[in-house]
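Asks: The structure that follows is given in the form of structure tokens.
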Amino acid sequence: MGESRWWERGVVYHVYPRSFKDSSGDGVGDLRGITEGLGYLSWLGVDAVWISPFYPSPMKDFGYDVSDHEDVHPTFGTLEDFDALVAEAHRLGLKVILDYVPNHTSDRHPWFEESRSSRQSPRRDWYLWRDPDPRTGGPPNNWLASFGGPAWTYDEGTGQYYYHAYLPEQPDLNWRNREVREAMLGVLRFWLDRGADGFRVDALRQLLKDDRFRDNPPNPSYRTEGSPYDALLPAYSTDRPEVHEAIRRMRGVLDGYGERLLIGELYLPIDRLVAYYGEGGTGVHLPTNMHLIPIPWNAREIASLIERYEAALPEGAWPNWVLGNHDRSRIASRVGAAQARVAAMLLLTLRGTPTIYYGDEVGMHDVPIPPTKIRDPWEKNVPGRGLGRDPERTPMQWSPETNAGFCPADAEPWLPIAEDHDRNNVSTERDDPASILTLHRRLLALRRATPALSTGSYAPVPATGDGLAYLREGDGRRYLVALNLGRDPHELAPDAGSPWRGRIVLSTHPDREGEILDGKAGLRPDEGLIIELHP
Ligand code: NOJ
């Protein structure tokens, strides 16, 4: 194995700042809270923390509607709090990754206020303004907004429509405009100069749109009970070839600062996704591989996904894996508490940078949100279809106390807290050898100590039914990862030739550790094993 970059060895931990830790007692998490939690993250054994937006914002989309890219929202603290966070993270050896939102701003951003003030505004072209369709007098084309409704909103004052991929309060910037590009690249420099170690680029596939604004075609496999956005295939509004030039410019900025990480948020099929590594590796370092999120939790489907993904990676491209995030149902709710342990072993032993979503390590699940507590605009716009994202954004469970140690007992947390937080929380689980938190911590420690499991090679092992197995090899060591994705016992056997001989070094069920393997690997229901094979 040659020299690796820090993120190839490392593990990213994703923090949703409203929900991690509230230091001020207003029921909303903040930067000081995150700083307080860094000791925990260092103890857990991750390498980097990615923080969703904490910039000034009217909070229509909870921070993804930015009204000033170079400051901190007072709810979250101050720039000095940010500096203190970075200093403490770096002291602990943790990297800090920021969320960069280049596709759109808030409609309250001074740029947009100026842009909408008149057709002659010097900033008019900073956003996407179009005349009404002359045939209908309605929107210029059929594009849809991700959170429901048309993607165009009419501005009475100037008689034109503006485009927004998300909410009307999130107008899209015009990245074909040179001044926009320079202003937004300046935002990267601003945070790099303050110590940021990288960025996760929000909504990257949307950044450039068809220059002719052609209608999107209908989606033949659309099911009406899903998201209305899926009624059309976003052929002309997303994943346009021009986006790669914009990414190269972002990379150019980061590369001037040394080993800084660029992650692109990309929900795309594998063949399109891998294009974002860019020609000769000039794109994002990690185009987010979200494919484990919607996949049916079935060993054969997952084996085929890994195979297709590994095969599609261009020369020199480093893989990555994501199990969950602030936009999708949590892993424990998707697969159940027992399989969530197997999923953790999968995530932390596959080849590629893993991202852990905050709270998954203590077994947090989606929390049902009563109608009066709904906060997410998506659920408000398109109710009752399970699209709302509040359930996976509930406060981090630190302790069994009232409000789970997230905020003071007499504060009202911004979203409800899971009823079972008295069991699933950091302080109850940290000394329990059988907890999912301990499992995460031990997986992270083993991964850190074992190059074979991070930067080592990957080879699939043929398996059937609920069995999923692969070999990781590096630095003269060889590991077999054997997972049972089902509820029945399962036996994995080597293909042909030599039997597996080795020792179980880590298991989802700690009672098997140290066991010697000689031949086949018998797995109990929902069990995963990491076996160090004898040379
Ligand atoms: C993707 C983010 O993850 C999501 O939370 C947000 O609503 C949209 N982009 C719009 O910024």
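Each value in this text was obtained by applying a stated rule to the coordinates, not by laboratory testing. A quick note: this is a predicted structure, and the numbers were derived from the prediction, not measured. For neighbour counting, all protein chains shown are included, and Cβ atoms are generated from backbone atoms with ideal geometry for every residue, glycine included.
Asks: Please give me the summed charge of the neighbours of LEU348: other residues whose Cβ is under 15 Å from its Cβ, Lys and Arg +1, Asp and Glu -1.
Replies: +4
Asks: Report the one residue of GLY476, PRO499, PRO460 whose Cα lies farthest in the direction of the positive end of the charge dipole of the stretch 457-533 (charges on C-beta: Lys and Arg +1, Asp and Glu -1; origin at the Cα centre).
Replies: Most positive-ward Cα: GLY476.
Asks: Can you give the FRET efficiency to the nearest 0.05 for ALA338 and ARG9, using r as the Cβ-Cβ distance and R₀ = 30 Å?
Replies: Computed FRET efficiency for ALA338 and ARG9: 0.55.
Asks: HN-Hα J couplings of the stretch 465-481 from phi, Karplus 6.51/-1.76/1.60, θ = phi - 60°, integer Hz, Gly and Pro as x?
Replies: With coefficients 6.51, -1.76 and 1.60, one gets x, 7, x, 9, 9, 7, 10, 10, 9, x, 6, x, 10, 9, 10, 9, 9 Hz.
Asks: Calculate for the chain the 222 nm mean residue ellipticity that helices alone would give, adding -39,500 (n - 2.57) per DSSP H run of length 4 or more and normalising by residue count, nearest 500 deg cm²/dmol.
Replies: Using -39500 (n - 2.57) per qualifying helix, the result is -7000 deg cm²/dmol.
Asks: Another question about this same structure. Expected output is a single nm value to one decimal: the length gained when fully extending between ALA311 and ARG524, i.e. 0.36 nm times separation in residues minus the C-alpha distance. What is it?
Replies: 73.6 nm
Asks: Another question, if that's okay. So which aspartates and glutamates pass the test for LYS520, namely a Cα distance under 20 Å, with those fewer than 8 places away in the same chain ruled out?
Replies: By straight Cα distance, LYS520 reaches ASP466, GLU473, ASP488, GLU491, ASP495, ASP511, GLU532.
Asks: Between GLU279 and ILE295, what length comes free when the chain is fully extended (0.36 nm per residue of separation minus the Cα-Cα distance, one decimal in nm)?
Replies: Extending this stretch completely gives an extra 2.9 nm.
Asks: Using alpha-carbon positions, what is the distance between the centroids of the stretch 493-524 and the stretch 191-265, in Å?
Replies: Using only Cα atoms to place each centre, the spacing works out to 43 Å.
Asks: Mind checking which lysines have their C-alpha under 17 Å from LYS380, skipping anything on the same chain fewer than 8 residues away?
Replies: LYS60
Asks: What are the residues whose amide H is under 5 Å from the amide H of ASP99, where those residues sit 5 or more places off or on another chain and H is modelled from the backbone?
Replies: Those lying under 5 Å, H to H, from ASP99 are ILE51, ARG200.
Asks: Using alpha carbons only, how many degrees (0 to 90, rounded to 10) separate the axis of helix 178-193 from the longest principal axis of the chain?
Replies: That helix lies at roughly 40 degrees to the long axis.
Asks: Work out, step by step, the length gained on full extension between ASP211 and ASP255: first 0.36 nm times the residue separation, then minus their alpha carbon distance; give nm to one decimal.
Replies: Stretched out fully, the ASP211 to ASP255 stretch lengthens by 12.9 nm.
Asks: How tilted is helix 436-449 with respect to the longest principal axis of the chain? Cα atoms for both, answer in degrees (0 to 90, nearest 10).
Replies: 80 degrees
Asks: What translational D, rounded to a whole number of µm²/s, comes out for the chain from Stokes-Einstein when the hydrodynamic radius is the Kirkwood one over Cα pairs, at 20 °C and 1.002 mPa s?
Replies: In µm²/s, the coefficient is 88.
Asks: When DSSP beta bridges are limited to those with both residues in the chain, what percentage is antiparallel, rounded to the nearest 5?
Replies: 65 percent
Asks: What whole number of Å gives the distance from the Cα centroid of the stretch 87-164 to the Cα centroid of the stretch 291-350?
Replies: 33 Å
Asks: OK, next. Using a cut-off of 20 Å between alpha-carbon atoms, which lysines can reach LYS21, once sequence neighbours fewer than 8 places away in the same chain are excluded?
Replies: Filter leaves LYS95, LYS373.
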